[in-house]
Each structure stands twice: as C-alpha cells, then as structure tokens.
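The values are calculated or read from the model by the stated rules, or taken from the named source; none is laboratory data. In this text, all values refer to a predicted model and were calculated from it rather than measured experimentally. Glycine gets a Cβ as well: all are built from the backbone with ideal geometry, and neighbour counts include every protein chain shown. Each accessible area value is taken on the protein alone, full model and side chains, heavy atoms only, with ligands, DNA and RNA left out. Shrake-Rupley method; radii C 1.70, N 1.55, O 1.52, S 1.80 Å.
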Amino acid sequence: MSTLLAGRVIRISERNGRFSERVKALSGEEIDLCFQCGGCSSACPMTSQMDLLPSKVMRLVQLGEEAVLKSRTPWICSTCFNCAARCPRGIDIANVMEALRQMLLRSKFDHLKLETVGREELREIPPIALISSLRKFTS
Amino acid sequence: MSGEHRIGVFVCECGGNIGDVVDVPRVVEAVKGLEGVVYARRERYLCSKPSIARIREAIRRRGLNRVVLACCTPKMHRETFRTNIEEEGLNPQFLEIVNIREQCSWVHGDDPEGATQKALDLIRGAVERTKWSVALEAGEMEVTPAVLVIGGGVAGITASLRLAEYGLKVYLVEREPSIGGHMIKYPKVFPTLDCSQCILTPKMASVSQNRNIELLTYAEVRGITGVPGDFHVRVFLKPRGVNVEECIGCGTCSRVCPVETVDDYNEGLGKRKAAYIPFPQAVPSAYTIDFEACTRCGRCVEACPRGAIDLEDRGKEVELKVGAIILATGFQLYDMTRLPQYGYGKYPNVITSLQMERILDVTGPTGSRLIVPATGREVRSVAFILCAGSRDTEVGVPYCSRVCCLYAMKEAELLRDRGVEVWIHYIDIRAPGRRYEEFYRAAQEKGVHFVKGKVTEIIPEGDRALVRGEDMMLNAIIENPVDLVVLCPPIVTGEETLRLAEMLKVPVDEDQFVLERHPKLDPVATKRDGVFACGMVIGPKDIQSTTAEAEAAAMKAVNFLSRARRVEPNKAFLIDEDLCDGCGRCVEICPEGAITLEGGKAVINEVVCSGCGACIPECPREALDQHGLSEEQLKAQIRGILEGSEAEIKILAFLEETVVYTAADLAGLARLSYPSSIRILPLPSMSRLKMSHLLYAFAHGADGIMMLEAPEKEGPYGRAHVISEERAEEYQYEIEDHDVDGFRLWYSKVFVPDWRKLEKIFRTYDTLIRDEGPLDQEVREALLEELGEGPS
Ligand SMILES: Cc1cc2nc3c(=O)[nH]c(=O)nc-3n(C[C@H](O)[C@H](O)[C@H](O)COP(=O)(O)OP(=O)(O)OC[C@H]3O[C@@H](n4cnc5c(N)ncnc54)[C@H](O)[C@@H]3O)c2cc1C
Ligand code: SF4
Ligand code: SF4
Ligand code: SF4
C-alpha cells in the first residue's frame with residue numbers, strides 16, 4: 001500500500017513529541033488512547049482510495065512522525081464519522097484528519113488547485129460542491 | 001487358601017444396560033458351578049435399595065464371607081457397597097467388584113457372545129482372587145498440630161497469619177534478615193497504586209507479635225525427614241552476629257561500622273554498612289552483621305549499648321516438628337547477563353525492573369532522584385523492554401512471566417507523574433484480570449508510548465542507549481535513543497528453591513515451578529501429601545493471586561491437620577526377615593523413600609509407602625509382598641480370568657487404576673467398541689508387575705499382555721511410572737528367552753483424554769495377536785513346567 005511506511009526508519013527525537021502534541025491540541029482528541037485495534041479502518045468506506053489506513057494515520061501521529069502530512073488519506077477522508085462511531089477508545093478520528101488538513105492548510109498549502117480543474121469539469125461540478133471543496137481543501 | 005469360603009455373587013443387569021448384551025441368566029448359572037460360590041443371583045438394579053438389602057440379607061442368612069458384585073465401574077458405587085457390607089460385619093477386603101458394564105456390555109454391544117464369555121471370565125477372576133483375600137484394617141496416625149512455612153514474602157506472611165489465627169503453631173523460616181519478600185521493595189503496587197509498604201508492614205508487624213508464630217529469619221532449611229503429618233525439619237540459623245532478642249534497633253553498630261559493601265536489598269545499587277538493617281521497617285527490627293564483609297574490627301561490639309553483638313557467632317541448628325509444610329519461597333529474576341544482547345552489566349544505563357522499583361522508592365538508593373545510578377546522569381526518557389527473555393523457546397524461558405506488562409505500566413506511570421518520556425516495547429500487552437484493562441488505559445491516558453515489536457538488542461549511543469525495534473503497526477523501524485533502558489526479565493525459580501523441592505520430594509514442572517497436585521482442581525497442593533505451596537513458587541502471578549493462594553494453602557494445611565490421618569492398608573511388606581539379605585535394591589527403587597535398612601533388613605514405613613508396588617519385583621529374593629494385592633491374589637485373578645475361558649484369543653490388559661482405568665470407563669461411556677478379547681485387570685502401577693506374573697499369564701492362557709501406564713505427571717505414584725517403562729522394555733526381551741515373542745507384550749502410556757485412542761490401541765493389538773494366532777500350546781506347557789505348576 002504505502003511507500004510512506006515500507007522499510008522506513010523512524011528516529012525518535014523531541015521534535016516527534018512536539019508534533020504529536022500539536023495534533024492533540026488541534027484535534028482535541030486523546031490520541032495516546034489508541035491501541036491499534038484497527039476498528040476505524042474496518043469502518044471507513046474510503047479505504048480503497050487511501051494510501052494509509054486511518055489506524056496507521058493514528059499510529060504515525062502517536063509517534064509524532066511528520067511524514068503523515070504527506071499522506072493522501074486526510075484528503076480522501078469524507079468526514080463521515082464512521083470511524084468515530086466505532087472507536088472503542090472514544091477517539092474521533094475524523095477530528096484528527098481535520099487537524100492534519102488544517103496543519104497543512106495553515107502553511108499556505110492548497111490541496112485543490114482551481115487552475116488545474118478543466119473547463120468541462122467545472123461545468124459539470126455542482127457549484128455547492130465546488131464551494132465546500134474550496135473551504136475544506138484550500139488555505 | 002484357608003477356611004471355608006462362602007462366596008456370594010450378584011450379577012447386575014443395570015436395566016438393559018448390561019442385560020441387553022450380556023446373557024446374565026447364563027452367567028449366573030455358570031457362576032453357580034464355580035468352586036466356593038454358595039450363592040449367585042441376578043439383580044435388575046444392584047445399586048437400588050432393595051438390591052442392597054438383599055445383599056445384606058444374603059450375608060446374614062447364608063453366612064457369606066466373600067461378596068463379588070458384577071456391575072458398573074467400581075468408581076460409581078464402591079463406597080456404598082463397601083459401607084453396607086462393612087455394616088454386616090464383613091471386612092472391606094472381602095468385597096470384589098467386577099466391571100461388566102463399561103468394560104463389557106457397553107463396549108461389546110455387537111458381540112453378545114463374546115461379552116457374555118468375558119463377563120464370566122472376569123467374574124471367575126474375582127472369585128479366585130477373593131479366596132486369597134485377608135482382612136485388613138486401616139491404621140491411624142496422630143498428626144503434629146504445627147506448620148512450617150518456608151519463605152516470608154507476602155505469600156508466606158499471609159499463610160502464617162491465617163494459620164496462627166486458626167490456632168496452629170507456625171514456624172516461619174526466611175533466609176533474609178527480614179521478612180517482606182519482593183513486595184516490600186516496591187514503592188507502589190498495581191493496579192490500585194497504593195503504597196506497598198503501607199499495606200504490608202502492618203502484616204509484618206502482626207507476624208512478629210503473634211504468639212503462635214515463631215519467626216526464624218536469616219535461616220535456611222537443611223533437612224527434612226519424617227512423614228506427612230509428622231515431619232522433622234532441621235533449620236540452620238545462619239550466623240547473624242546480633243542477638244535478635246537483645247537488639248533494640250538503635251543502629252549504633254551501623255553508624256560506627258567502617259566497612260561498606262554492596263546493598264543487596266537495593267538490588268546492588270548503592271552501598272550499605274557491614275552492620276546493617278535492610279530497611280527501616282524490617283521485621284524483626286534487629287541488625288545483622290554481614291560476615292562476608294565484616295573485618296572484625298570490633299567497633300560495633302564496643303558501641304552496642306545492649307551487648308547484643310557476638311562476632312564469634314557460628315550460627316546454630318534447631319530441629320522442628322511439624323505436621324504440614326507450606327512452600328512459599330517466591331521467585332527471582334533471570335540473570336540478564338546471560339542475554340548479552342541487552343547489554344545488562346555492560347552498559348551503565350541498562351537496569352532491571354526490580355532496580356527501577358528501588359530507584360522510584362523515596363528511600364531508595366538514589367534518594368528518589370531520577371538518575372542513572374552508575375553515572376549520576378539525569379533521566380528524562382526511559383524505555384521498558386518487555387519479554388526480555390520471556391516467551392522465547394530458544395534463549396531465556398518459553399513461558400509468559402505474567403506480571404511484567406503490568407508492573408512496567410506501573411513504573412511507567414510513576415515516571416510519567418514526574419514528567420519523564422516513557423516507551424514500552426511489547427509483543428502483546430497482557431492485562432487480563434480485574435481492574436487491569438483500566439490500568440492499561442490509565443497508562444495510555446498518562447501518555448505512555450506503546451510500541452508493538454520485540455526489541456532484541458540495545459546499542460550504546462554516547463551517554464544514551466539506542467533502542468531499535470520494529471513498530472509492527474507500521475512495518476517500520478523505530479530508533480529511540482533514551483537515557484535509561486529497563487529490562488523486564490523472566491520470573492524464574494531460584495536454585496535454593498529447587499534444592500528445597502528436592503529435599504521435600506515435590507516435583508517441579510518443565511518450567512521449574514513447583515508442580516501442582518492438579519493444575520486446575522488442586523492448585524495449591526503439591527504431589528506430596530502434607531506439602532502445600534503458594535505464590536510465585538508455583539508460577540508467575542500478581543500479589544492478589546498470591547494472597548488468594550496463600551489463604552487457600554493455609555486452609556489446606558488446616559484441613560490436613562484437622563484429624564488423625566487414615567493410613568490405608570495397601571502397603572508393601574517384608575514377608576520374612578530371614579529372606580531379606582539387606583541388598584538395598586528396594587531402598588533404591590522406592591519412589592517415596594519409604595524403605596530403610598535397619599540392622600541389614602528392609603523396613604517399610606507404612607505411612608510413607610504409597611502402595612505403588614515398585615519395590616516388589618525389585619527384590620531378588622522375593623522377600624516382598626503387598627497387603628490387599630498379594631502375590632496369591634494377583635496370580636489367582638490372572639488364572640481365574642484366563643483359565644477355563646472359551647474365548648479364542650485372550651488378551652490380558654493391566655491398567656493403571658487411577659488414570660488409565662478412568663480412560664477405559666470413558667471409552668465405555670461413549671459406547672466405543674473394541675474386541676472382547678481384551679480383559680482388564682487394574683493395578684496401582686505397572687511397576688507392581690514381575691516378570692513371573694507375565695510368564696504365569698502366558699502359561700495360563702494369555703495370548704497377549706498389555707501394560708497401560710499413566711503418564712508420569714498424571715498418576716499418583718510419581719516415578720513408579722518411569723520404573724515400569726524401563727522394566728517393560730527388559731521384559732520384552734526376557735519373554736523371548738521363554739519362546740514368547742516380544743510383540744506379545746505391549747506397553748504404552750495413556751492419558752485420560754486419550755480415551756478415544758484406547759479403542760484404537762485395543763483394536764490394533766487385537767488384530768496383531770489375531771494375525772499371529774494364539775500362543776503355542778507347547779510353549780504354554782513348557783512355561784507351566786518351568787513355573788512348577790505341571791501340565792494342567
Ligand atoms: C519488578 C516487579 C514488580 C512487581 N510489582 C507488582 C505490583 O505492583 N503488584 C502486584 O500485584 N504484583 C507485583 N509483582 C509481583 C509480586 O512481586 C509477586 O506476586 C509477589 O512478590 C509474590 O510473593 P511471594 O511471597 O510468592 O514471593 P516473594 O516476594 O519472592 O517472597 C519469597 C520469600 O521467600 C524467601 N525465600 C526464598 N528462598 C528461600 C529459602 N530457600 N528459604 C527461606 N526463605 C526463602 C525470600 O527471601 C522472600 O522473602 C511485581 C514483580 C516484579 C518482578
Ligand atoms: S478505532 Fe480508535 S483505537 Fe482503534 S485503531 Fe482506530 S483510533 Fe485507534
Ligand atoms: S548497636 Fe546493638 S542494639 Fe543497637 S542496633 Fe546494633 S546490635 Fe542492635
Ligand atoms: S516402592 Fe511403592 S510399594 Fe514399595 S515401599 Fe515404596 S511406595 Fe511402598
């Protein structure tokens with residue numbers, strides 16, 4: 001699945017701790033409580049499009065591994081809250097996804113670039129979808 | 001054979017359970033013709049009240065002096081039948097029960113003729129045997145109302161208090177200068193995180209104040225003789241240099257003592273004086289001189305205000321008499337220098353979990369500062385390595401040490417409270433049990449990092465230690481440089497405990513923990529009568545389970561000592577002193593150590609003898625026999641079962657009577673089906689069988705003989721089972737010298753759960769013997785002649 005993980009060496013330093021703390025603060029979730037049961041991933045309807053399963057996103061956040069920000073998963077997340085409904089530790093994973101998106105967006109990052117959307121497509125996409133996508137995916 | 005035998009035989013139909021297969025009327029008629037039988041009768045339900053009344057009446061009216069009951073397995077109703085015939089004035093030895101349900105009708109449903117013939121053969125065996133029975137009385141033995149508790153950890157303390165409360169005299173022997181065990185070393189205990197010392201010291205104080213408890217600290221058990229109910233124990237009080245009664249614990253000696261040495265109470269971290277008390281709340285509250293370090297300068301002797309110190313102390317031995325023993329010697333940690341990959345003893349910042357407990361204690365060796373003890377460097381990050389040697393069949397130990405997950409979380413929480421980054425590297429987190437999942441969650445809440453993946457190596461990196469391991473959740477490698485690594489080593493049994501177990505004759509299992517009498521149904525009794533065990537000595541466990549076991553062991557000891565002990569009459573005995581030449585072979589072989597030589601003659605202790613019969617075949621002069629299972633009884637039964645039988649093939653199957661017999665009963669209960677050639681004769685252990693018994697059986701009609709033994713740890717006779725295996729191998733060769741092929745003797749071990757296999761074993765052997773045909777008549781006749789019985 002993910003080239004983000006295979007054979008990777010994660011070296012722990014104080015930076016890792018700071019990164020986890022930021023995600024915790026932004027999401028308001030008790031990330032340390034995750035015990036990697038995998039329930040969120042089984043509940044998620046979007047996993048076929050993801051490069052990291054939601055549970056792995058949680059794990060990387062626990063470890064404070066910033067590479068998680070390179071994952072497509074937070075952008076694929078449809079915020080359906082299925083994961084949150086199933087988590088036995090009461091974590092709202094969708095909130096964590098949102099926190100990760102926010103972290104990137106705040107660094108002036110646009111996941112959706114309007115200029116790359118073709119004319120044909122623009123005509124077909126409902127305007128309301130376009131607007132909410134811009135809200136969710138651009139800084 | 002002596003006197004007139006008036007044998008009564010009752011054959012039960014068990015509704016149709018027996019009667020539908022076995023032709024009971026025919027059996028009864030045939031039995032009437034047997035010599036000595038004066039009365040035979042068929043019963044519909046032998047265990048019913050009217051039937052029992054009829055048995056009793058027949059004893060009275062017809063003057064029966066032997067009763068043979070052919071019915072279901074004796075495990076069902078033996079006690080009822082026994083009490084009833086006893087009430088009619090018959091000695092229980094004069095009752096024989098023949099199992100024609102589980103061993104006959106239920107397993108030969110498709111072969112009524114064979115079943116009927118076999119029922120008759122088995123009854124004939126019992127009739128012949130009972131003619132040789134003699135009346136025997138069970139003996140009684142007074143017990144000593146005192147208990148020895150070995151080990152003064154939380155297990156030994158709890159058991160001692162409970163026994164003393166009950167009113168028994170207790171001797172508590174502890175090898176260290178104070179009781180308290182491991183628990184007293186912990187600052188806090190999971191899962192409640194209450195102060196360990198606060199909950200244990202009151203109990204320790206109660207021990208020292210209890211009049212029923214005699215506390216022997218700094219002491220070791222040197223020898224144990226005697227028998228369950230009356231053990232004689234030699235205890236050595238190691239030289240302590242201080243008179244415990246006189247010492248007021250002022251500590252002057254320690255202050256003036258110029259010698260410093262390693263502090264073992266603090267797990268080797270830090271130093272203490274040669275005149276020392278391991279910790280302030282020690283019980284007894286007395287100092288000790290460590291003679292290995294002491295230079296005998298004499299300053300303490302001069303300084304002691306009580307004149308309590310004697311540097312010439314050589315220790316002394318005392319002898320105790322107790323009825324029961326509780327083994328509570330706990331555990332030790334695996335020696336981590338044996339797993340050099342973890343760098344323990346090599347890198348200063350690798351320590352054990354027990355050392356961490358001491359560092360976390362406010363009165364510990366670092367004065368509660370969080371530093372690497374060896375370097376003084378401040379600790380801001382710690383990694384725990386779980387399963388550092390546990391659950392590994394290649395190095396370390398194969399089992400789970402059970403408490404490590406939880407104490408690692410405990411220590412981690414205490415470290416988190418002080419702002420330290422903590423990582424726990426685990427294979428599986430095992431937190432089953434009340435309040436334990438919650439404890440796990442609390443550790444997570446406090447921000448302890450958990451990493452799934454076994455760490456197998458520690459790499460030094462400057463002042464720090466690099467922990468490298470997989471994060472199995474990510475398929476990635478984690479490299480984590482930390483200030484301190486805490487190893488969670490296997491929980492193991494100490495050498496001293498193993499020696500003690502040998503002295504007590506209690507076996508340990510493959511993991512070196514004391515073997516329970518039954519791992520599920522009798523978990524705090526050992527294989528030896530009167531010896532109980534509790535706590536870590538029977539396997540890794542937490543304090544709660546330890547305490548529960550201690551309470552249970554105390555109860556078992558109370559029970560054991562609550563009445564005179566019944567001594568069953570089934571003992572080995574020396575037939576005639578003149579026959580014994582004192583060769584000592586029986587002494588060697590007896591698994592119970594029941595035999596001694598006195599004045600060159602074997603003397604068998606009736607109380608210790610378990611009745612396994614292993615000594616009897618060992619005696620080269622045929623000087624030994626057994627009560628209740630005499631040579632005559634055994635031979636008569638063999639002959640009775642085989643001789644006069646009309647069956648084409650006869651296989652005599654000797655079954656160990658506790659385990660294997662139960663398996664055969666289960667096979668019957670499940671209505672498995674095996675050939676009716678199999679005729680079962682139960683024995684306490686296969687080690688009772690002599691070569692001559694086998695030849696006797698072949699001579700009298702056996703075409704094959706099976707010896708089905710209980711596996712070593714299942715049966716009640718310990719090593720007897722090993723002995724029988726060795727003998728069977730020899731017998732297989734020896735019968736060939738008598739022209740009987742080796743395959744005509746079969747030996748194997750059968751567990752209770754093997755009962756399904758039993759059907760196959762019986763079938764296979766029957767086929768084998770059938771294919772080879774019956775034993776040659778000529779060989780039989782030669783054997784008869786050899787045995788001095790002439791042609792029959
Ligand atoms: C690091 C660590 C932390 C732990 N923390 C907890 C916790 O927080 N909560 C919890 O529930 N459990 C904890 N445990 C488990 C707990 O230690 C045990 O359950 C408990 O100590 C078992 O008690 P015991 O009396 O059987 O053995 P021990 O505590 O080992 O006591 C045995 C006693 O017998 C003495 N002895 C040994 N050999 C002899 C001999 N030959 N003759 C005379 N005396 C002898 C010893 O000196 C000792 O005093 C922890 C274990 C470890 C290793
Ligand atoms: S469901 Fe909750 S506990 Fe389970 S993996 Fe997902 S976030 Fe972790
Ligand atoms: S000086 Fe004497 S009384 Fe005081 S602690 Fe030492 S031995 Fe005991
Ligand atoms: S060998 Fe068995 S029967 Fe003989 S004395 Fe020992 S325990 Fe008793």
Members of the range B:271-287 found to be open to solvent by less than 10 Å² (accessible area, probe 1.4 Å), touching a residue at least 24 places away in the same chain (Cβ under 8 Å) and not in a strand (DSSP E or B), listed by number: B:A282, B:A286
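From A:V23, A:V57, A:V61, A:V68, which residue is away from every other protein chain (no Cβ under 13 Å) and either outside any loop (DSSP other than H, G, I, E, B) or within 15 Å of the chain's Cα centre (by Cα) (or both)? Give the derivation first.
Numbers: A:V57 fails: away from every other protein chain (no Cβ under 13 Å); A:V61 fails: away from every other protein chain (no Cβ under 13 Å); A:V68 fails: away from every other protein chain (no Cβ under 13 Å).
Of A:V23, A:V57, A:V61, A:V68, the one residue that is away from every other protein chain (no Cβ under 13 Å) and either outside any loop (DSSP other than H, G, I, E, B) or within 15 Å of the chain's Cα centre (by Cα) (or both) is A:V23.
With respect to B:Y218, is the statement that it is within 16 Å of ligand 3 (Cβ to nearest atom) and in contact with a Lys or Arg (Cβ under 9 Å, 6 or more places away or on another chain) true? Walk me through how you get there before you give the answer.
On the way: within 16 Å of ligand 3 (Cβ to nearest atom): yes; in contact with a Lys or Arg (Cβ under 9 Å, 6 or more places away or on another chain): yes.
When the stated conditions are applied, B:Y218 passes them.
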Yes/no for B:G330 being touching a helix residue (DSSP H, G or I) at 6+ places or on another chain (Cβ under 9 Å) and closer than 30 Å to B:V531 by Cβ: yes
Residues (buried (at least 19 other Cβ atoms within 10 Å of the Cβ), among the basic types (K, R) and more than 8 Å from chain A (Cβ to nearest Cβ)) located in the range B:431-467: B:R464
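Give the residue that is nearest to B:V379 (Cα to Cα), with candidates limited to residues of the range B:472-490 that are more than 7 Å from chain A (Cβ to nearest Cβ) and surrounded by fewer than 24 Cβ atoms within 10 Å (Cβ to Cβ). Before you say what the answer is, go through the steps one by one.
Quick first cut of the range B:472-490, residues more than 7 Å from chain A (Cβ to nearest Cβ) only: B:472, B:481-490.
Filter once more, so that each one left must be surrounded by fewer than 24 Cβ atoms within 10 Å (Cβ to Cβ): B:472, B:481, B:483.
Working: B:M472: 27, B:P481: 12, B:D483: 5 Å.
Of everything passing the filter in the range B:472-490, B:D483 is nearest to B:V379 (Cα to Cα).
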Search result, residues across the range B:430-451 that are free of Cβ contacts under 8 Å to residues at least 24 places away in the same chain and either farther than 24 Å from B:Y399 by Cβ or not in a loop (DSSP other than H, G, I, E, B) (or both): B:E437, B:R441, B:Q444, B:E445
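Any residue that is assigned to a helix (DSSP H, G or I) and within 16 Å of ligand 3 (Cβ to nearest atom) - is there at least one of those in the range B:157-180? Reasoning before the result, please.
Step one: filter the range B:157-180 for residues assigned to a helix (DSSP H, G or I), giving B:157-166.
Checking which are within 16 Å of ligand 3 (Cβ to nearest atom) leaves us with none.
The answer is no; no qualifying residue exists.
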Hits in the range A:4-19 (condition: more than 7 Å from chain B (Cβ to nearest Cβ) and over 22 Å from B:A465 (Cβ atoms)): A:L4, A:G7, A:R18, A:F19
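Residues of the range B:33-91 being on the phi > 0 side of the Ramachandran plot and without any contact (Cβ under 8 Å) to a residue 60 or more places away in the chain, which ones?
Of all residues in the range B:33-91, those on the phi > 0 side of the Ramachandran plot come to B:36, B:63, B:89.
Those that are on the phi > 0 side of the Ramachandran plot and without any contact (Cβ under 8 Å) to a residue 60 or more places away in the chain: B:G63, B:G89.
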Failed criterion for B:L521 (all others in (1) hydrophobic (A, V, I, L, M, F, W, C); (2) touching a residue at least 12 places away in the same chain (Cβ under 8 Å); (3) open to solvent by 50 Å² or more (accessible area, probe 1.4 Å) hold): (2)
Qualifying residue in the range B:249-266 (condition: outside any helix (DSSP H, G or I), in contact (Cβ under 8 Å) with a residue 40 or more places away in the chain, of a type in the set (D, E, K, R) and within 15 Å of ligand 3 (Cβ to nearest atom)): no
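Just need a number here: residues in the range A:79-123 that are away from chain B (no Cβ under 14 Å), within 16 Å of ligand 2 (Cβ to nearest atom) and either of a type in the set (F, W, Y) or open to solvent by 50 Å² or more (accessible area, probe 1.4 Å) (or both). Spell out the reasoning first.
Step one: of the range A:79-123, the residues away from chain B (no Cβ under 14 Å) are A:79-86, A:92-123.
From what is left, the residues that are within 16 Å of ligand 2 (Cβ to nearest atom) are A:79-86, A:92-100.
The next check asks that each one be either of a type in the set (F, W, Y) or open to solvent by 50 Å² or more (accessible area, probe 1.4 Å) (or both); those that pass are A:80-82, A:85-86, A:95, A:98.
Total satisfying the criteria: 7.
The rows are residues; the columns are (1) at pLDDT 95 or above; (2) at positive phi; (3) not in a loop (DSSP other than H, G, I, E, B).
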| site | (1), (2), (3) |
| --- | --- |
| B:M356 | yes, no, yes |
| B:T363 | no, no, no |
| B:R369 | no, no, no |
| B:V382 | yes, no, yes |
| B:C387 | yes, yes, no |
Restricting the range A:26-45 to residues that are away from chain B (no Cβ under 14 Å) and modelled with pLDDT of 95 or more, the residue that is surrounded by the fewest Cβ atoms within 10 Å (Cβ to Cβ): A:G28
In the range B:548-579, the residues that are within 13 Å of ligand 4 (Cβ to nearest atom) and open to solvent by less than 70 Å² (accessible area, probe 1.4 Å): B:V567, B:P569, B:N570, B:K571, B:A572, B:F573, B:L574
The range B:177-192 - residue that is within 13 Å of B:E357 (Cβ to Cβ) and hydrophobic (A, V, I, L, M, F, W, C) and, of those, farthest from ligand 1 (Cβ to nearest atom): B:I184
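Listed here are the residues, each with its yes/no results for (1) open to solvent by 40 Å² or more (accessible area, probe 1.4 Å); (2) within 16 Å of ligand 2 (Cβ to nearest atom); (3) among the hydrophobic types (A, V, I, L, M, F, W, C).
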| position | (1), (2), (3) |
| --- | --- |
| B:G539 | no, no, no |
| B:D542 | no, no, no |
| B:D581 | yes, no, no |
| B:I589 | no, no, yes |
Some residue of the range B:219-240 being farther than 30 Å from B:M141 by Cβ and among the β-branched types (V, I, T): no
Filter pass, B:A303 being surrounded by 22 or more Cβ atoms within 10 Å (Cβ to Cβ), of a type in the set (G, A, S), at negative phi and away from ligand 4 (no atom under 16 Å from the Cβ): no
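From the list B:E165, B:E142, which one is of a type in the set (D, E) and within 25 Å of the chain's Cα centre (by Cα)? Steps first, answer last, please.
Values: B:E165 fails: within 25 Å of the chain's Cα centre (by Cα).
None of the other options fit; the residue is B:E142.
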Any hit, the range B:508-518, residues being assigned to a helix (DSSP H, G or I) and at pLDDT 95 or above: no
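Of the residues B:E113, B:E102, only one is open to solvent by 10 Å² or more (accessible area, probe 1.4 Å) and either farther than 14 Å from B:V22 by Cβ or not assigned by TED's automatic domain parsing to the domain that holds B:L652 (or both); which?
On the way: B:E102 fails: open to solvent by 10 Å² or more (accessible area, probe 1.4 Å).
None of the other options fit; the residue is B:E113.
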Residue in the range B:649-666 that is at pLDDT below 95, more than 16 Å from ligand 2 (Cβ to nearest atom) and not assigned by TED's automatic domain parsing to the domain that holds B:R727 present: no
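Looking at B:V227, B:V244, which one is more than 14 Å from every other protein chain (Cβ to nearest Cβ) and within 16 Å of ligand 4 (Cβ to nearest atom)?
Working: B:V244 fails: within 16 Å of ligand 4 (Cβ to nearest atom).
Criteria check complete, one pass: B:V227.
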Any chance B:V422 is within 14 Å of chain A (Cβ to nearest Cβ) and at pLDDT 95 or above: yes
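This table checks each residue for (1) open to solvent by 20 Å² or more (accessible area, probe 1.4 Å); (2) among the acidic types (D, E); (3) under 28 Å from B:K650 (Cβ atoms).
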| site | (1), (2), (3) |
| --- | --- |
| B:V11 | no, no, yes |
| B:N17 | yes, no, yes |
| B:V24 | no, no, yes |
| B:V28 | no, no, yes |
| B:A53 | yes, no, no |
| B:E57 | yes, yes, no |
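Report yes if B:T73 is open to solvent by less than 20 Å² (accessible area, probe 1.4 Å) and of a type in the set (S, T, N, Q), otherwise no.
Values: open to solvent by less than 20 Å² (accessible area, probe 1.4 Å): yes; of a type in the set (S, T, N, Q): yes.
When the stated conditions are applied, B:T73 passes them.
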Single unsatisfied condition, B:S401 versus (1) farther than 17 Å from B:Q444 by Cβ; (2) surrounded by fewer than 21 Cβ atoms within 10 Å (Cβ to Cβ): (2)
